[in-house]
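Structure, as structure tokens:
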């Protein structure tokens, strides 16, 4: 005989909704990543088969775009404020990487790496604050 379905502890229907939102968010993220990897792979395959002529070294400097796409997908499919913050951090990281690779404004990895520490610290603080506000909103709705 099958075991009865148990409700999650602590939140009842609110916990079920949170889990469902997480799976929806995760499924959309997988869709974006799958399409991105297929597109990049297809471009490189066409280059290897001499269907298109591409300078791989010139395109190498554009790899931060993949991180930016990841950040945009975090923002577009966000279900919580923490997802939006993560998206903005990934976009800022991609911008910093691109600026360092292209030496925009004289930026280099060695001269600007503290910026990432500062940005990541701010990201952690804001994420913690958004989690606190999410928890307060859930408790007030009970």
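The values are calculated or read from the model by the stated rules, or taken from the named source; none is laboratory data. Just so we're clear, the structure is a prediction, and the values are computed from it rather than from any experiment. No Cβ is skipped: glycine too gets one built from the backbone with ideal geometry, and neighbour counts run over all protein chains shown.
Of all residues in the stretch 32-51, those satisfying the criterion of being surrounded by 12 or more Cβ atoms within 10 Å (Cβ to Cβ) and either in a loop (DSSP other than H, G, I, E, B) or touching a helix residue (DSSP H, G or I) at 6+ places or on another chain (Cβ under 9 Å) (or both) are 32, 33, 36, 40, 43, 44, 47. The single condition among (1) under 19 Å from the mean Cα position of the chain (by Cα); (2) at pLDDT 80 or above; (3) in a helix (DSSP H, G or I); (4) surrounded by 11 or more Cβ atoms within 10 Å (Cβ to Cβ) that residue 130 does not satisfy is (2). Across the stretch 52-75, the qualifying residues are those that are over 19 Å from residue 100 (Cα atoms), surrounded by 11 or more Cβ atoms within 10 Å (Cβ to Cβ) and free of Cβ contacts under 8 Å to residues at least 24 places away in the same chain, and the one among them that is farthest from the chain's Cα centre (by Cα) is 52. Among the residues making up the stretch 108-125, those that are in contact with a helix residue (DSSP H, G or I) (Cβ under 8 Å, 6 or more places away or on another chain) and part of a helix (DSSP H, G or I) are 109, 112, 115, 116, 119, 120, 123.
Scanning the stretch 76-99 for residues that are more than 19 Å from residue 125 (Cβ to Cβ) and part of a helix (DSSP H, G or I) yields a count of 6.
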